[in-house]
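These notes are about the structure you will find just below.
The values are calculated or read from the model by the stated rules, or taken from the named source; none is laboratory data. Since this is a predicted model, take the numbers as computed values, not measurements. Positions of Cβ are generated from backbone atoms using ideal geometry, with glycine treated the same way; all protein chains shown enter the neighbour counts. For accessibility, only protein heavy atoms count, side chains too; no ligands or nucleic acids. Shrake-Rupley method; radii C 1.70, N 1.55, O 1.52, S 1.80 Å.
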Amino acid sequence: TACMAIVPLFFVRIPSQHGLNPVSGKGSYWKDMKAGLSYALKWPGLRTLLFIAMFLNFLLIPSSSLQPLVIKDIFGKGAMELAWVEAAFGVGMIAGGLILSAWGGFKRRMTTSLIGILGIGLGVAMVGFIPAGAFPLLLVTGFFTSFAQVFANGPLNAIFQSVIRPDMQGRVFSLIGAACTAMMPLSLMIAGPLSDLLGLRVWYLVGGGLCIVVALVAFFLPSLRELEKHGRLEEAAEPTTTETSGVPLA
């Protein structure tokens, strides 16, 4: 897969980045992060999307970490059953990718992404309701959750690439990645003790339920509905300083 990512770069002309005011020198990482944060916070739609991404990562990351315990303690199964769940998850991701590639999603990509987030929430919450003797249903939820994940993440990445200015994409992507990754230890610190206290199913019910609520609320937020339109307007208003030939890569 590394070769598949690297080899095309030999055949793609990367546009000149002169005039994009890159930050360099000592402390450039933090300067870039600060620039990305300033850019995101000034844009209501992007700011909202950043906070939603952080919150969803906080809710959903523990569901995968707690999965071995769910299989062992609730369903009374072992390593082989865990492997089957992981396989179902992988098959769902491949199936979702093939369908999204062929279909392309709704015209408004944000709609596709929010429906995917809604599906993830439903899949995670379902784990909290599956009877202990119905292990095959866990395979179904694993497939469904990963299938929905493709529809949530694919359009979202496309939206970021289309609405964020080329000279800010690397900085904003770094900010998003750092912010979402920061949620991992925080959520695990809370999910672990809470699951010990209230049971493993609680985090799935709460996390999946809140994920559904977030997706439903996001449908009615004007800043998100107009995010792609705002990006096109910004792109039209901003004079470009890059060469027009070649494929822009973030």
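For the reader, a short list of remarks on this structure follows.
- Residue list for segment 180-224, filter: buried (at least 17 other Cβ atoms within 10 Å of the Cβ) and either modelled with pLDDT under 90 or among the acidic types (Asp, Glu) (or both): CYS180, LEU224
- There is no residue in segment 164-179 that is part of a helix (DSSP H, G or I), open to solvent by 70 Å² or more (accessible area, probe 1.4 Å) and free of Cβ contacts under 8 Å to residues at least 60 places away in the same chain.
- Within segment 68-92, being of a type outside the set (A, V, I, L, M, F, W, C) and either touching a residue at least 40 places away in the same chain (Cβ under 8 Å) or open to solvent by 40 Å² or more (accessible area, probe 1.4 Å) (or both) holds for PRO68, LYS72, ASP73, GLY76, LYS77, GLU81, GLU86, GLY90, GLY92.
- Residues considered: LYS77, LYS72. Of these, the only one that is over 25 Å from MET183 (Cα atoms), modelled with pLDDT of 90 or more and part of a loop (DSSP other than H, G, I, E, B) is LYS77.
- Residues being under 24 Å from GLY154 (Cα atoms), modelled with pLDDT under 90 and under 22 Å from the mean Cα position of the chain (by Cα) are entirely absent from segment 83-92.
- Condition check for PHE160: closer than 30 Å to TRP30 by Cβ, open to solvent by less than 70 Å² (accessible area, probe 1.4 Å), outside any loop (DSSP other than H, G, I, E, B) and among the hydrophobic types (A, V, I, L, M, F, W, C): yes
- Search result, residues across segment 211-229 that are in contact (Cβ under 8 Å) with a residue 24 or more places away in the chain and either over 20 Å from the mean Cα position of the chain (by Cα) or within 23 Å of ILE71 (Cα to Cα) (or both): CYS211
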